[in-house]
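Please treat every number below as a calculation from the coordinates, not as lab data. Everything numeric in this text was worked out from a predicted model, so none of it was measured. Cβ: placed from backbone, ideal geometry, glycine included. Neighbour counts: every protein chain shown.
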Number of protein chains: 2
Amino acid sequence: MPSSTVENYLKRIFLEQQAEPTGDIVSMKNLAGAMGVTAGTATSMAKSLADSKLVAYEPYGGVKLTARGRTVALRVLRRHRLIECLLVEALGLDWSEVHDEAEKLEHAISDKLLDRIDEFLGFPSVDPHGDPIPTAGGEIRHSALTALTEVEQGAEVRIARVLDQDEQFLRFVDRHMLRPGTRARVLVQDHAAEAVTVQSGKLPAVTMGRTAAAKIMVELIKG
Amino acid sequence: MPSSTVENYLKRIFLEQQAEPTGDIVSMKNLAGAMGVTAGTATSMAKSLADSKLVAYEPYGGVKLTARGRTVALRVLRRHRLIECLLVEALGLDWSEVHDEAEKLEHAISDKLLDRIDEFLGFPSVDPHGDPIPTAGGEIRHSALTALTEVEQGAEVRIARVLDQDEQFLRFVDRHMLRPGTRARVLVQDHAAEAVTVQSGKLPAVTMGRTAAAKIMVELIKG
DNA sequence: TATCATATTTTGACATATCAAAATTTCTGG
DNA sequence: CCAGAAATTTTGATATGTCAAAATATGATA
Ligand SMILES: [Mn+2]
Ligand SMILES: [Mn+2]
Ligand SMILES: [Mn+2]
Ligand SMILES: [Mn+2]
């Protein structure tokens, strides 16, 4: 029975641990930043999570999930992502608006209901953004994807995952038919201009900056 | 932006106001009982709701919703009941288990999502228990129904509403095919034994006590 | 009307979650 | 290695929501 606050912290720590390649440890600064709280608040929460054996906390070091903390984090993430699927697939919400909704619902759903949702959706393995859905058993498998910036010029790809949940960005992706599942072709890799040009469906090609392109993960299509 | 606690109190006050025929005012004792808190807690909450102009509070008198409080209460009730519909109709949960689930979800759903749910369900006017769903405009219309105890012996009725949300009771109702919408016949009104005998579908007749029968509301079928 | 049971309010305490600002530690560049 | 910058922790405060137990008010009854 962790509170929603605790669930949010644990989920965030999990995601930050994955994101930061600086080892496995999340600093108070990063945690506070990611949670939108002051550093002092992050510190006191870190202690309290450590008291509950959900994280290992080293003063002046940082915080890292324990096995138990990871289990809780993955359960929250599973709920979050399955809810996103439900909202998009059953209720027709736009994928650019489901994130905030799921942020609240992920704390309000029983295991039983979650199972029904999973079944109803046909046991999906990724959410509408292409993010992998942890299993009920607490495993998460992230397939090896390539960023759009790393693809050879001329290659055919299938969009697999969009790493930025920002509404603006998701709508941009939508406009140019670059949702997960779509097939596209990389027309130009302009390293000097730090730009990538992509073309999807019958739409005109679009050129985007490397930072934007780096947030679009793809699979190469054989042949 | 009322907290879920505030939403729960307001909804409960609304329901208690309707239930108690002792005027329109809810005593601290009743409020505390209904909310499962101590009397002191109810008092302090009553004051704080009064500060926010959500209830009128008279010390040693009791509490009564203001127009604003009623609006909030009805919005919560609308969310609760539409969610119950969704869980039963789209996700196939049993009507005996949706209440607790809705109790949490009712605080976690945006207006936008609620509209989608309403649309998805085809704008239902009652929930799975036959409870009326307040409109988006904040109105609630309760049709004049008759308790099973008040019906003439031999009458044909349509079950319209079940007033008790208790799992045991709902399952009893289910077993004997007395869900809202079902047609049934009142075979015996035994006033001496304080019992009512009803028969539905092809099932054998069932005899229940008056207190149970009083919780089943029906419409008389013409002819 | 005086008394007593019952309802209500008040008081003091606690848990959680947060902030601002002060104090402290760690890191880094010269 | 040492001074200043940056990160972190500590301190003192606030808001919400709760309880137990003490104090007080209300209302029925004898
Ligand atoms: Mn959340
Ligand atoms: Mn997602
Ligand atoms: Mn509730
Ligand atoms: Mn209901």
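Structure notes:
- Candidates B:GLU106, B:GLU20, B:GLU167, ranked by Gaussian network fluctuation over chain B, Cα under 10 Å, top entry: B:GLU20
- Relative contact order computed over chain B (Cα-Cα under 8 Å; 6+ residues apart), in percent: 15 percent
- For chain A, built as a Gaussian network whose Cα springs stay under 10 Å, the top-fluctuating residue of A:THR22, A:THR43, A:THR149: A:THR22
- Axis-nearest residue in chain A [Cβ, rotation onto B], distance in whole Å: A:ALA108, 2
- Efficiency of FRET from Cβ geometry, A:SER125 and B:GLU156, R₀ 56 Å, rounded to 0.05: 0.60
- Placing pseudo-labels 7 Å out from each Cα toward the beta carbon at B:ASP174 and A:GLU139 gives an inter-label distance of 3.4 nm.
- In chain A, the C-alpha radius of gyration followed by the widest Cα-Cα span (Dmax) gives 19.0, 57 angstrom.
- Label distances, nm, B:ARG175 versus same residue in remaining copies, Cβ-directed 7 Å point: 6.2
- Note on A:GLU219 and B:LEU163: their simple-model spin labels are 5.8 nm apart, each label 7 Å out from Cα toward Cβ.
- Rg(Cα)/(2.2 N^0.38 Å) for the protein assembly as shown, N = residue count: 1.23
- Nearest 10 degrees, 0 to 90: helix A:111-120 Cα axis against chain A principal axis: 20 degrees
- Between the amide H of B:ARG161 and those of B:MET217, distances stay under 5 Å, these residues lying 5 or more places away or on another chain, with hydrogens modeled in the peptide plane.
- Measuring gaps between exposed loop sites in chain A (trypsin sites (Lys or Arg not before Pro); DSSP loop; at most 16 other Cβ atoms within 10 Å), the longest gap, sites not included, is A:54-140.
- Placing a label point 7 Å from Cα along the Cα-to-Cβ axis, A:GLY154 is separated from the same position in the other copies by 9.2 nm, shortest listed first.
- Measuring nothing but alpha carbons in the range A:146-220 and taking Rh as the Kirkwood radius, the Rg to Rh ratio lands at 0.91.
- Distances between equivalent label points of B:SER143 across the copies, with each point positioned 7 Å along Cα→Cβ, amount to 5.1 nm, shortest listed first.
- Both radii were evaluated on the Cα set of the range B:4-65; the Rg over Rh quotient, with Rh as the Kirkwood radius, amounts to 0.90.
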